[in-house]
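Data block below; observations after.
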Amino acid sequence: MADQTDLLKNYPYDPTANLGQAVEDEPEPTLSMPPKRFALWLFIVSIIMIFASMTSAYIVRKAEGNWQDFELPGVLWLSTAVLVVSSFTVQMAWNAAKKDELGQVKAWMFVTFALGLVFLYLQWESWVRLVQINVYLVGNPSGSFLYVLTGLHAFHLITGLVYLAITTVKAYRYKIHSQNLIEIEVPAIYWHFLDVLWILLFGFLLWSHMS
């Protein structure tokens, strides 16, 4: 027993001896984000940069002169309203998924997809009306910019429709629910972004044609 006491005296126990090492071994906390959400935000940033550069080029070119003035087709107001409503319906689908109301998810996703198609049709109709007033893709830069800007947005909206179609199929296969919200969160955020982007773009075009 004496030998054990002497041993403890020679090698006293220090409860904090390995504390520093334990802290060093503990993994540092990291910011986590689902890969799909991260990829979406990168894609959104790239789109913002594209439209920012296009609208800047629009302003610079208009300031140079030789710019044809014409009235924007009134159907653009209708297409804007349709897209705003579609943003509401996709949010309803997202809310339904949070509550596991799978029937409502499928219904609202279908309505959103249909409204997206209506928007594209109305955009096509706006181009038809531009042709009727002799505003063409190739010609005065004012018309060219309008076709390119609205066409570029329409292209991205088509990618949104493809994503919505895939998500709707997943909804019918019961793969979208409160435990798997990322599958509807990503397309819903993208669709909201396309809605806001169009509102800003349409507002920019209105301002440009009134100034």
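The values are calculated or read from the model by the stated rules, or taken from the named source; none is laboratory data. Every value quoted in this text rests on a predicted model; they were computed, and no experiment measured them. Quick reminder, even Gly has a Cβ in these numbers, built from the backbone with ideal geometry, and neighbours come from all protein chains shown.
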Does the stretch 177-197 contain at least one residue that is in a helix (DSSP H, G or I), loosely packed, with under 13 Cβ neighbours inside 10 Å, within 14 Å of the chain's Cα centre (by Cα) and aromatic (Phe, Trp, Tyr)? no
For Ile158, are the conditions met, namely being assigned to a loop (DSSP other than H, G, I, E, B) and β-branched (Val, Ile, Thr)? no
I want to confirm something. Restricting to the stretch 115-146 and keeping residues that are in contact (Cβ under 8 Å) with a residue 60 or more places away in the chain and among the β-branched types (Val, Ile, Thr), which single residue is farthest from Gly74 (Cα to Cα)? Val135
Mind checking which residues of the stretch 154-211 are small (Gly, Ala, Ser) and touching a residue at least 12 places away in the same chain (Cβ under 8 Å)? Ala154, Gly160, Ala165, Ala171, Ser178, Ala188, Ser208
Check Pro73 against each of (1) touching an Asp or Glu at 6+ places or on another chain (Cβ under 9 Å); (2) of a type outside the set (Phe, Trp, Tyr); (3) in a helix (DSSP H, G or I) and name the one condition it does not meet. (3)
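Okay, residues lined up against (1) of a type in the set (Ser, Thr, Tyr); (2) closer than 23 Å to Thr159 by Cβ; (3) modelled with pLDDT of 90 or more; (4) surrounded by 12 or more Cβ atoms within 10 Å (Cβ to Cβ):
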site	(1), (2), (3), (4)
Asp6	no, no, no, no
Thr30	yes, no, no, no
Lys36	no, yes, no, yes
Leu83	no, yes, yes, yes
Gln91	no, yes, yes, yes
Val111	no, yes, yes, yes
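Each row is one residue, and each column tells you yes or no for (1) touching a Phe, Trp or Tyr at 6+ places or on another chain (Cβ under 8 Å); (2) assigned to a helix (DSSP H, G or I); (3) closer than 16 Å to Leu200 by Cα.
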residue	(1), (2), (3)
Arg61	yes, yes, no
Asn95	no, yes, no
Leu117	no, yes, no
Val135	yes, no, no
Gly143	yes, yes, no
Thr150	yes, yes, yes
Inside the stretch 185-211, the number of residues satisfying the requirement of being of a type in the set (Phe, Trp, Tyr) and either in contact with a Lys or Arg (Cβ under 8 Å, 6 or more places away or on another chain) or over 23 Å from Gln91 (Cα atoms) (or both) is 2
Return the only residue of Leu117, Leu76, Leu102 being more than 15 Å from the chain's Cα centre (by Cα), among the aliphatic types (A, V, I, L, M) and over 22 Å from Leu157 (Cβ atoms). Leu102
Selection status of Phe43, modelled with pLDDT under 90, aromatic (Phe, Trp, Tyr) and under 28 Å from Tyr121 (Cα atoms): no
